[in-house]
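Report on the structure given below.
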Amino acid sequence: MAASLGRAAAGLLTRLQTSAPTIRTLSSSNSFSQNIPSCLWKLGRLNHVAIAVPDLEKAQSLYKDVLGAQVSETVALPEHGVYTVFVELGNTKLELLHPLGEKSPIASFLQKNKTGGMHHICIEVDDIKAAMTELKKKKIRILSEEPKIGAHGKPVIFLHPKDCHGVLVELEQA
């Protein structure tokens, strides 16, 4: 699964950042390369991988007590319909998600995936509004009209998994 996630993420990153191909001639004597202007925004680092869990206390205990990770307190995010807990990993974080309310998107995810599982990846961007504009032009569906404030207190958007090689992608303002 990790290998397929890596390939999907690499393909997605390439698709999100490539606004147009580089044009090259085949002549060796006239090796000419013309770069088409790039995006007005840039992808940053992987912020976190989110995991939906049916039992938040058990999941917190696994990462804290068994694996020895630093684990945050539980935070309720009613606007998103989730409880969140962050697990610090040094180079990134895991976000443990648990349903908050019956209409929670995590509740429906857990109905289909009883034991939980990877829900989404979150990548930072330097300009979320520019990213939205550019992605809409590239026919990438965004799941909301405007960014919402996410678990880190920063604007976030989600990209439709069907447009991102089966991966739900969250973009977060850096």
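The values are calculated or read from the model by the stated rules, or taken from the named source; none is laboratory data. Worth saying up front: this structure is predicted, and the values here are computed from it rather than measured. Virtual Cβ from ideal backbone geometry, glycine too; neighbours counted across all protein chains shown. All accessible areas refer to the heavy atoms of the entire protein, side chains included, with ligands and DNA or RNA removed. Shrake-Rupley method; radii C 1.70, N 1.55, O 1.52, S 1.80 Å.
Residue order by solvent-accessible surface for 83, 63 is 83, 63, largest first, with ligands and nucleic acids left out and a 1.4 Å probe. The heavy atoms of residue 126 offer some 80 square angstrom of accessible surface to a 1.4 angstrom probe.
Taking 0.36 nm per residue of sequence separation and removing the Cα-Cα distance, the residue 149/residue 111 pair yields an extension gain of 11.1 nm.
Among the GluC sites (Glu not before Pro) in region 45-128, those placed in a DSSP loop whose Cβ has at most 12 other Cβ atoms within 10 Å are 73, 79, 102.
In debye, nearest 20, what is the charge dipole magnitude of region 78-174 about its Cα centre with +1 on Lys and Arg Cβ and -1 on Asp and Glu Cβ, if you could check?
It comes to approximately 460 debye.
Gain on full extension, evaluated as 0.36 nm per residue between residue 45 and residue 77 minus their Cα-Cα distance, stands at 9.2 nm. Taking 7 Å steps out from each Cα toward its Cβ at residue 89 and residue 56 produces label points 2.1 nm apart. Our estimate of slack between residue 65 and residue 137, defined as 0.36 nm per intervening residue step minus the Cα-Cα distance, is 21.3 nm. The local environment of residue 47, defined by Cβ-Cβ distances under 15 Å, has a net charge of -2 under the rule Lys, Arg +1 and Asp, Glu -1. Within the straight-line cut-off of under 30 Å between alpha carbons, the lysines reachable from residue 139 are 42, 93, 103, 112, 129, 148, 154, 162, sequence neighbours fewer than 8 places apart in one chain being disregarded.
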